[in-house]
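Here is the structure we will look at, set down as structure tokens.
Taken together, the values in this text are just the output of simple stated rules run on the coordinates, not laboratory data. Only a predicted model underlies this, so the values are computations on that prediction, with no experimental measurement involved. Cβ placement follows ideal geometry from the backbone for every residue including glycine, while neighbour counts extend to all protein chains displayed.
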Amino acid sequence: MTPAEFRALFPALRDQVWLDTPGAPPGAEPVVTAMREVLDAWSSGGFDWLAWDSAAGDARELFAGFLGVPPGTVATVSSLAEAAATVAASLPRGRVVVAEQDFRSNRFPWLARHDVVSVPARDGVTRAEDLIAALDEDVALLAVSEVTSREGQRLDLPALRAATDRVGARLFVNLTQSLGALRFDPAVAPDYLAVHGYKWMLCPRGAAWLVARPDRVAGLRPLAPGWKSTAAPHGYFGGDLDLAPDAARCDASPAWFSWLGACAALRLFHQLDPAAVERHVLGLAGQLTGEAAALGLRRVHSGPGSHIVVLATADADRIARSLAGHGVRATALGDRVRFGFHYFNHESDVAAAVRALAAAQAR
């Protein structure tokens, strides 16, 4: 599927420039149609709840195929925080290293259960070398986001994997701000990875995944054991807690509508070439970075870039007003403004953003 064909699936893009996918994307028509059909069936009573209940399992298979991992290593959960909390509750005692400015859903679950080493941002930027410097033999796990939501920086996962291996620590990777736009390198082999699908994977909110390396699956323990925690076929009444032998032991009881929408989104991603998607989004991000620099606006970091461009500014509110006036959706974050590029974005979106930035700078 070409970028133009993909773009045509998003009605919201007909009258606005959407560069706010780091917050949330507009709805893709196949996903929205699936959700409408679900609501119509619910309203009319013409539904089979058992069929709805199988959607999370279908999404597990689709997600595993997209990521290239065995389905038995994937748990279906409701959020990044639930995924991190599940690992935190399953982890042997020990210190956990986390960036001080990481998104709270990849920070608070560790704080709630472990002694956390918070690595401060240096000059306002989380740096891989500082995370590595915080590791020693007493650290049980390093938790990182591949792309930092606040900075748009792509951390060096192979270097972080090598560093955790040197001290015998585990690695938890949050892919919420990268998977769907950037390819994931399976050679990193994190002990755990998690992604909430409502951003770059275009899913309804409430569909998320936790993936454990095969040798870590047996150590997972569900946060809230329920009727989905046992092996299929699932029973309903009585019995002993006999956990499923695979990662499904940590499945949340599924929010049916979210998972039905997630299946539609994942089927859409199976029609895309991940390498082409990554080239496209990085190209647009590079173009905006260069044109913004010509206006005197630079990225908040000098490290590896991503599909998310975060520009430092003392006038974020004024820039936000100018962007809104030019029909551009982006996010102002106090001393910075953030743009994100998906496969549905086009060079004309970059041009619109640059016009808005130029207008704000001229005032």
query = What net charge do the residues around L243 carry, taking every other residue with its C-beta under 12 Å from that of L243, with Lys and Arg at +1 and Asp and Glu at -1?
reply = -1
task = Would you pull out the residues with amide H under 5 Å of L142's amide H, same chain only if 5 or more places away, H placed 1.01 Å from N?
result = V97, R170, L171, F172
key: H270-A189 pseudo-label distance in nm [points 7 Å out on the Cα-to-Cβ vector]   = 2.8 nm
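Note down, for the chain, the three equivalent ellipsoid semi-axes (square root of 5 times each alpha carbon gyration tensor eigenvalue), biggest first, whole angstrom.
On the way: eigenvalues 234, 155, 50 Å².
Taking √(5λ) for each eigenvalue gives 34, 28, 16 Å, largest first.
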task = Compute the whole-percent fraction of alpha carbon pairs in region 237-286 spaced more than 18 Å apart.
result = 62 percent
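Given charges of +1 on the Cβ of Lys and Arg and -1 on the Cβ of Asp and Glu, with all other atoms neutral, how large is the dipole of region 48-269 about its Cα centre, in debye to the nearest 20? Show your work: numbers first, answer last.
Values: 22 positive and 25 negative charges, 59 e Å.
Dipole of region 48-269, to the nearest 20 debye: 280 debye.
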task = Would you mind working out the magnitude of the charge dipole of region 161-236 relative to its Cα centre, with +1 at each Lys and Arg C-beta and -1 at each Asp and Glu C-beta, to the nearest 20 Debye?
result = 120 debye
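Within 10 Å of each residue's Cβ, count the other Cβ atoms and sort V17, V188 from fewest upward.
On the way: V17 22, V188 17.
Exposure proxy ranking, most exposed first: V188, V17.
If each residue of separation counts as 0.36 nm, what is the full-extension length gain between W42 and E29 once their alpha-carbon separation is subtracted?
Numbers: separation 13, 0.36 × 13 = 4.68 nm, distance 1.97 nm.
Gain on extension, W42 to E29, equals 2.7 nm.
I need E129, E151 ordered by Cβ neighbour count within 10 Å, fewest first.
Numbers: E129 12, E151 26.
Neighbour counts put them in this order, fewest first: E129, E151.
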note = In the neighbourhood of L141 defined by beta carbon distances under 10 Å, the net charge of the other residues (Lys, Arg +1; Asp, Glu -1) is +1
task = Project the alpha carbons of region 223-335 onto their principal axes and report the range along each, largest first, in whole Å.
result = 67, 32, 29
key: Percent of C-alpha pairs per 5 Å bin, region 14-160, short to long   = 2, 7, 13, 14, 16, 15, 12, 9, 6, 4, 2, 0
